[in-house]
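K.L.:
Sharing a structure below in structure tokens format, with a few things to ask.
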Amino acid sequence: MQRTYLIIGSILGMIGVGIGAFGAHLLEPIIGPQLLQTFKTGVEYHFVHTLAILIVAVLAGVIGESSLLRWAGRLFTIGVIIFSGSLYVLSITGIKVLGAITPIGGVCFIAGWIMLALVGAKYGKRN
């Protein structure tokens, strides 16, 4: 599990850098400021949740296998794909209906953070 989320986080980080550079250098003059801001929001959430996936990997090394951690990693990954992915495609194509699926990714992010909090409650040191 640790290896899996380390690889997923690393790949998503690499993709995030590429997508961010694409947006900053190629899209800016083409899509306009409003859609560019939408694109940047996708990049921002992409990176934040890539780091969350890497935290899942580190925690898996510390506490071992955990279904809560596994679900946190899954939900963060799905969230990046749905939330950020829909914003990327919306920005580039202008297809507004894609904005309707973006909140599904946001719910995945929230659920992932809840899973991570439950990991803390279950495995955290008690003084």
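None of the figures in this text is laboratory data; all of them are computed from the coordinates on show. Since this is a predicted model, take the numbers as computed values, not measurements. With ideal geometry, Cβ positions are generated from the backbone for all residues, glycine too; neighbour counts draw on all protein chains shown.
K.L.:
Using beta carbons and a limit of 7 Å, which pairs, at least six apart or on different chains, have the first residue in region 52-66 and free of Cβ contacts under 8 Å to residues at least 40 places away in the same chain and closer than 13 Å to Thr4 by Cα and the second one surrounded by fewer than 19 Cβ atoms within 10 Å (Cβ to Cβ) and charged (D, E, K, R)?
P.N.:
Here the result reads none, with nothing in region 52-66 linked to a residue that is surrounded by fewer than 19 Cβ atoms within 10 Å (Cβ to Cβ) and charged (D, E, K, R).
K.L.:
On the given criteria, is Tyr5 surrounded by 21 or more Cβ atoms within 10 Å (Cβ to Cβ), of a type in the set (Phe, Trp, Tyr), under 29 Å from Gly124 (Cβ atoms) and touching a residue at least 60 places away in the same chain (Cβ under 8 Å)?
P.N.:
When the stated conditions are applied, Tyr5 passes them.
K.L.:
For the condition among the β-branched types (Val, Ile, Thr), out of contact with any Leu (no Cβ under 9 Å at 6 or more places or on another chain) and part of a helix (DSSP H, G or I), what is the one hit in Val56, Val48, Val89?
P.N.:
Selected residue: Val48, the only one of Val56, Val48, Val89 that is among the β-branched types (Val, Ile, Thr), out of contact with any Leu (no Cβ under 9 Å at 6 or more places or on another chain) and part of a helix (DSSP H, G or I).
K.L.:
Might you check whether a residue that is of a type outside the set (Lys, Arg), under 12 Å from the mean Cα position of the chain (by Cα) and closer than 22 Å to Ile63 by Cβ occurs anywhere in region 90-105?
P.N.:
Scanning region 90-105 turns up no residue that is of a type outside the set (Lys, Arg), under 12 Å from the mean Cα position of the chain (by Cα) and closer than 22 Å to Ile63 by Cβ.
K.L.:
Let me ask something additional. Return yes or no: is Leu27 in contact (Cβ under 8 Å) with a residue 24 or more places away in the chain, closer than 17 Å to Ile92 by Cα, in a helix (DSSP H, G or I) and of a type outside the set (Ser, Thr, Tyr)?
P.N.:
Details: in contact (Cβ under 8 Å) with a residue 24 or more places away in the chain: yes; closer than 17 Å to Ile92 by Cα: yes; in a helix (DSSP H, G or I): yes; of a type outside the set (Ser, Thr, Tyr): yes.
Against the criterion (in contact (Cβ under 8 Å) with a residue 24 or more places away in the chain, closer than 17 Å to Ile92 by Cα, in a helix (DSSP H, G or I) and of a type outside the set (Ser, Thr, Tyr)), Leu27 qualifies.
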